[in-house]
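*Asks:* I'd like to ask some things about the structure below.
The values are calculated or read from the model by the stated rules, or taken from the named source; none is laboratory data. Computed from a predicted model, the values in this text were never measured in an experiment. Positions of Cβ are generated from backbone atoms using ideal geometry, with glycine treated the same way; all protein chains shown enter the neighbour counts. Note: accessible area is taken over every heavy atom of the protein model, side chains too, but ligands, DNA and RNA are not part of it. Shrake-Rupley method; radii C 1.70, N 1.55, O 1.52, S 1.80 Å.
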Amino acid sequence: TPGDAVPAAQRGSWTSFLKSIASFSGDLSSMTAPPFILSPVSLTEFPAYWCERPELFSAIADAATEEDRALAVLSWFISTLKGQYTSRNESMGSEKKCALNPVLGELHYGIWPNKNGRGQTDLIVEQVSHHPPVTAYCIENRSKGLKLTGHNGQKTSFSGGSIIVKQIGHALLTVALPGGNKEEYLITFPRLRIDGLWYGSPYIELVDTSYIVGSTGYTSTVEYKGKGYFSGKSHTFKATVASSKLSSPYMIDGLWHTISHVSSGPGKGKYKKGSTFHDVTTAKEEVSVIGGETSGEMGEFESRKLWSEVAKGIRSGDFDGASKEKSRIENDQRQRRRDEAAAGSKWPLKHFQWVRATPTVNARLGKAINIAPPTEEAYAFLDNWPEPFGKE
Ligand code: HCR
């Protein structure tokens, strides 16, 4: 029945929330939702999902050929989807609305330590726009020569009872090879459909297509389908890895939140027909959050410090306290913007620089299959890792 998962006292406000989404397009972050659906985690923490299986990330650098690297990049990418799109269902019972709207300049730092020769991987995130919300990040494994930079925004609309989320932005993975050569992989993001709203227990289905375009001439195309399509199951995907250098493309299919297999292709060994392509039924490894200041303590703009009282309120059910503290942060932000306007200055980003468009990516990679509009902006990482990030 409608509203089944909604606490009785919040059904009315859930219905009005749904009505307001239905008549609204754009940025959902400013809309008030009932407490049961709020999550105490800021969107600046989400880029960590890219590396919750650090050994799959480092395996990209360990692959010996262009062909194996293209397959390793795809396998790592598919393995991140479970965390990105189903982890709130696992940890909080359903998809949630992030109650903490990241402020301009909000920061998040983390690390996955070196283990079993995989090298250390570092994470740096900065909120580069508040309205509309845009988050930029860099994930780097220096010892393996791997660097992922990207930015994410969302455009939401409502259709057929579901929220449709178009992801704005892209990520670029660079692989520095031992001989001095560099490969690039342009990664685009899938479209999301948020179903289950009617029942008050939202979950994400991925839809449409996303791409990974390699500078080596290998292109991966991933097609996503939900219940009732390819296999009748939720979270189904089919991927191909194609190149003029291959006698035939690789085809992979399965469920992105569990397991997939190579269904055809020219490969022998690791990627031969029938072999497991990705398997995320094993444990993931969350990032260790660290303070980015020299002292090792968190600065006032680091997400977990900035939002600590609001998050505490949401976790303990003190929604009045949470909302007062949230208003205090928002008012402080408004005052900062007013002061900047008066002084004719702009908030200086700490780690990223806005780039009007990404000519290298668009001209050499995206344009080939017309996936990245030439006007798409990017955020270049300034390479200024703060202490205490090691220089490993
Ligand atoms: C759509 C979403 C905010 C954006 C989140 C993104 C797209 C952010 C980038 C990450 O790499 C991947 C990612 C995963 C999330 O699933 C996605 C969020 C899911 C819900 C949230 C909406 C703005 C909130 C909708 C409100 C409903 C649940 C009531």
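*Asks:* So for the pair ILE168, ASP62, with labels modelled 7 Å out along Cα→Cβ, what separation do we get in nm?
*Replies:* A separation of 3.9 nm, rounded to one decimal place.
*Asks:* Follow-up question, since we're still on this one. Quick one: helix 66-92 against the long Cα principal axis of the chain, what's the angle to the nearest 10°, folded into 0 to 90?
*Replies:* 30 degrees
*Asks:* Summarise the long-distance tail of P(r) for the chain by giving the % of C-alpha pairs beyond 35 Å.
*Replies:* Counting pairs separated by more than 35 Å, the tail of P(r) holds 27 percent.
*Asks:* Can you give the % of DSSP beta bridges in the chain that are antiparallel, to the nearest 5?
*Replies:* 95 percent
*Asks:* Moving on. Which whole-angstrom value gives the distance between the alpha carbon centres of the stretch 1-60 and the stretch 149-227?
*Replies:* 18 Å
*Asks:* Along Cα→Cβ, 7 Å out, is where each label goes; now give me the distance between the ones at ASP383 and ARG334 in nm to one decimal.
*Replies:* For the pair ASP383/ARG334, the computed spacing is 4.2 nm.
*Asks:* Moving on to the next point. Excluding residues fewer than 8 places away in the same chain, name every one of the lysines whose C-alpha is closer than 18 Å to that of LYS182.
*Replies:* LYS144, LYS147
*Asks:* Turning to a different aspect of this structure: To make sure I understand the rule: partners must be aspartates and glutamates, Cα under 16 Å from the Cα of LYS233, and not fewer than 8 residues away in the same chain. Which ones qualify?
*Replies:* Partners found: ASP195, GLU205, ASP208, GLU223, ASP253.
*Asks:* Skip the ligands, DNA and RNA, and give the accessible area per residue of the chain with a 1.4 Å probe, whole Å².
*Replies:* In whole numbers, the chain has 45 Å² accessible per residue.
*Asks:* Please give the contour-minus-distance gain from THR258 to MET92: 0.36 nm per residue of separation, less the Cα-Cα distance, rounded to one decimal in nm.
*Replies:* Gain on stretching THR258 to MET92: 57.9 nm.
*Asks:* Run the count for the stretch 271-346, please: Lys pairs, Cα-Cα under 28 angstrom, 8 or more apart or on different chains.
*Replies:* 11
*Asks:* Please state the charge dipole magnitude for the stretch 207-320, taken about the Cα centre, from unit charges on C-beta atoms (+1 on K and R, -1 on D and E), reported in debye and rounded to the nearest 20.
*Replies:* Here the size comes out at about 1060 debye.
*Asks:* How large a share of the accessible area of the stretch 1-53, in percent, is made up of carbon and sulfur atoms when the probe is 1.4 Å and the other protein chains stay in place?
*Replies:* 60 percent
*Asks:* Take the chain, connect every pair of alpha-carbon atoms lying under 10 Å apart with a spring to form a Gaussian network, then pick out the residue of GLY180, GLY321, GLY93 with the largest mean-square fluctuation.
*Replies:* Between GLY180, GLY321, GLY93, it is GLY180 that shows the largest mean-square fluctuation.
*Asks:* What does the charge add up to near ASP27, with Lys and Arg as +1, Asp and Glu as -1, over the other residues with Cβ less than 14 Å from its Cβ?
*Replies:* Neighbour charge sum, excluding ASP27 itself: +3.
*Asks:* Based on DSSP H runs of at least 4 residues, each adding -39500 (n - 2.57), what is the mean residue ellipticity at 222 nm of the chain after dividing by all its residues, to the nearest 500 deg cm²/dmol?
*Replies:* After summing the helix terms and dividing by the residues of the chain, the value is -7000 deg cm²/dmol.
*Asks:* What is the sum of charges around TYR271, taking Lys and Arg as +1, Asp and Glu as -1, for the other residues whose C-beta is under 11 Å from the C-beta of TYR271?
*Replies:* Charge balance in the 11 Å sphere: +2.
*Asks:* For the chain, modelled as a GNM with alpha-carbon contacts under 10 angstrom, which of GLU285, GLU302, GLU205 fluctuates the most?
*Replies:* Fluctuation is largest for GLU285.
*Asks:* Another question, if that's okay. Which of the lysines could a cross-linker bridge to LYS19, judged by Cα under 20 Å and excluding same-chain residues fewer than eight apart?
*Replies:* Candidates past the 8-residue exclusion: LYS96, LYS97, LYS155.
*Asks:* Give me the distance in nm between label points sitting 7 Å out from Cα along the Cα-to-Cβ direction at SER20 and GLU300, one decimal.
*Replies:* So the two model labels end up 2.9 nm from each other.
*Asks:* What ranking, highest mean first, results for peptides 67-74, 263-270 when packing means the other Cβ atoms within 10 Å averaged over each residue?
*Replies:* The peptides rank, most packed first, as 67-74, 263-270.
*Asks:* Right, here's the next one. If you average the C-alpha positions of the stretch 289-349 and of the stretch 256-275 separately, how far apart do those two centres end up, in angstrom?
*Replies:* Between the Cα centres of the stretch 289-349 and the stretch 256-275 lies a distance of 46 Å.
*Asks:* Quick check for me: using +1 on Lys/Arg Cβ and -1 on Asp/Glu Cβ, what's the dipole size of the stretch 97-225 about its Cα centre, in debye to the nearest 20?
*Replies:* Computed about the Cα centre, the dipole is about 140 debye.
*Asks:* So, one more: Highest mean first, how do 41-50, 144-153 rank when packing is the count of other Cβ atoms within 10 Å averaged over residues?
*Replies:* Ranking, from highest mean packing down: 41-50, 144-153.
*Asks:* Please compute the net charge surrounding THR80, taking Lys and Arg as +1 and Asp and Glu as -1 over other residues with Cβ under 11 Å from its Cβ.
*Replies:* With Lys, Arg at +1 and Asp, Glu at -1, the neighbours total +2.
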